[in-house]
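Laboratory data are not the source of any read-out in this text; all were calculated from the coordinates shown. Everything numeric in this text was worked out from a predicted model, so none of it was measured. Neighbour counts are summed over all protein chains in view; Cβ atoms, including those assigned to glycine, are modelled from backbone coordinates with ideal geometry.
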Ligand code: NAD
């Protein structure tokens, strides 16, 4: 028999209360965030209807390295996102997480997001562990020189050439991790340490299908933490979660802004 709407509301209310109690009791919360956290800010995720992948295929790292046309396309896509990224502001979910950090409950956020919105929500740079990098700046893949995008945009639009390093001639790429690109070692080490040492691990807006990051909730669970999943659809992590809050992230987390 289908569950009546009133019953569903009662179940969700009870789950929210359980999450509230867990958050209150927890001493070391880790928030693990994915693209779903930023959809309320107007940045599409990858897999939802209308998401980025319904419109374009990702460019794997080896193709980016080998093919000048792929590099050009990658930079064209990046600059196409300029307006979307410039207009994006931290969401209610970002604000909730920032309040946990400010309250001293959450030593750091582990994020798969590349949009810099955690930093914009007021969380210090050192407390944001970016396992897939950051798209708001670029680096040379050979000598690691950092480039701000403002300096690259004009020459790219004028010449149609993907940027090359002024110092060493190396390939310049947004500071993000593409499919097939090695994971950032220090960030992954720190993410693993945080995951193993927390008592509450809250997954927010991730489909939990992109590995190795998607393995972190399981690691937290095995290390004895409670896992909570906040997402509008089912995820592979639901089976080891103590609480699954199903719905819109902003609506669900607003009441947990401390
Ligand atoms: P994903 O697109 O695979 O999954 C997003 C999940 O969030 C989905 O399960 C979706 O149903 C859910 N969701 C979307 N909006 C929601 C909302 N408002 N409320 C509740 N749930 C919502 O994203 P992922 O798991 O982060 O993995 C894909 C990769 O996408 C990551 O590596 C990340 O680097 C990259 N990415 C990042 C951004 C960003 O920085 N904002 C945007 C697109 C993709």
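Worth pointing out:
- Largest-first principal axis extents of the Cα set of region 101-145 (Å): 40, 16, 15
- Sorting the Cα pairs of region 12-135 by distance into bins of 10 Å, from 0 upward, gives 12, 36, 31, 15, 5, 0 percent per bin.
- Scoring 70-81, 129-140 by mean Cβ neighbours within 10 Å over their residues and listing the highest first yields 129-140, 70-81.
- Mean separation of Cα pairs under 8 Å and 6 or more residues apart, divided by the residue count, gives the chain a relative contact order of 24 percent.
- The alpha carbon gyration tensor of region 193-258 gives principal lengths a ≥ b ≥ c with a/c of 1.5 or higher and a/b no greater than b/c, which makes the shape oblate.
- Report note on the peptides 28-36, 239-247, 203-211: ranked by the mean count of other C-beta atoms within 10 Å, highest first, their order is 28-36, 203-211, 239-247.
- Fraction of alpha-carbon pairs over 15 Å apart in region 9-53 - percent: 62
- Label point 7 Å beyond Cα of residue 84 along Cβ direction - residues of region 152-185 with amide nitrogen under 19 Å: 153, 174-179
- log10 of Debye I(q)/I(0), alpha-carbon scatterers only, for region 127-253 at 0.09, 0.10, 0.12 Å⁻¹: -0.38, -0.45, -0.61
- Mean Cβ count within 10 Å, highest first, over the residues of peptides 5-16, 179-190: 179-190, 5-16
- Only DSSP H runs of four or more residues enter the estimate; each adds -39500 (n - 2.57), and after division by the residues of the chain the mean residue ellipticity at 222 nm equals -11000 deg cm²/dmol.
- Where labels lie 7 Å past Cα in the beta-carbon direction, separation of residue 183 and residue 148 in nm: 3.3
- For the chain, the longest principal axis of the C-alpha atoms and the axis of helix 185-197 are separated by about 0°.
- When the chain is treated as a Gaussian network with alpha carbon springs shorter than 10 Å, the biggest mean-square fluctuation among 26, 220, 151 belongs to 151.
- With respect to the chain, whose longest principal axis is taken over its alpha-carbon atoms, helix 149-159 is tilted by about 50°.
- Ellipsoid fit via the Cα gyration tensor, the chain: semi-axes of 35, 19, 17 Å, each the root of five times an eigenvalue, largest first.
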